Amino acid sequence: MKRYVLLSAVLMFTVVAQAQYGYFPRPVRLGFKVDPVFVNSLKTLENGVSKTDSKFGVNYGLMADIMFIDGRGAFATGLEVSHATAGLSYNDNTKGLKRGEATGQQNYDLKLQYLNIPITVKLKTNMNEGFRWWGQFGGGLGALIRSRADYSYAKVGGGNVSETNVNVLNQTNKVNLSLVMGAGGEYRLADRTDLFFGLGFENGFTDITSNKQWNDGKVALNRWAIRLGVFF
């Protein structure tokens with residue numbers, strides 16, 4: 001899956017580069033972003049499985065706006081790395097990655113890293129004294145590149161087990177599809193240089209945990225982030 005995402009990214013930025021140098025009928029803006037993520041939450045649907053603590057994360061990477069002809073909207077995409085950490089608690093002994101070994105509660109902190117390509121439409125107001133508002137809506141395609149877990153549980157037969165930074169890449173789904181929404185503003189710093197800021201939300205569609213391994217139904221990743229970047 002990572003190869004398909006990388007191939008898509010190469011093709012996308014080939015088109016963007018051509019547009020930047022005048023081979024595309026609409027102008028393109030490129031930029032860099034760093035998004036502090038203040039909510040990483042795993043949404044659970046089955047009884048016996050609950051979300052626990054939400055921890056901070058970050059998204060960083062490249063932004064690309066392929067502008068519409070009227071200049072008031074754009075096809076907004078890019079290539080970014082996302083770091084997310086969130087917790088799960090299992091009170092049902094038939095669920096959880098270590099259900100065959102555990103008795104009582106199992107606690108997990110999942111530390112996930114994705115290579116993401118947002119595929120969205122961004123609408124903008126007219127520029128007024130160097131400032132304008134924007135709103136964004138679309139989807140995101142993420143390929144899992146790293147998955148680690150900290151977990152603890154009481155062992156059948158006695159004793160407690162606690163492990164940190166365990167590789168669970170093969171027990172985590174490799175693709176994450178999400179709904180992407182956001183709103184904010186842009187401020188003109190200089191000719192062809194704009195400060196980009198706002199608030200963003202990602203609502204995951206796909207199951208993060210591999211059902212065959214975890215037996216926990218659907219567990220989706222939801223995130224809230226502050227959007228920060230600069231367009232050139």
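Round to the nearest 10 and give me the degree value, 0 to 90, for the angle of helix 2-20's Cα axis relative to the longest principal axis of the chain.
Helix 2-20 sits roughly 10 degrees off the main axis of the chain.
Divide the volume of the convex hull of the Cα atoms of the chain by its number of residues and quote the answer in cubic angstrom per residue.
Dividing the Cα hull volume of the chain by its residues yields 108 Å³.
May I ask you to give the average projected area over all directions of the convex hull of the Cα atoms of the range 23-88, in nm² rounded to one decimal?
If I average the Cα hull's projected area over directions, I get 6.4 nm².
Values in this text are rule-based calculations from the coordinates and carry no lab data. The structure presented is a predicted model; accordingly, all values stated were derived computationally and were not measured.
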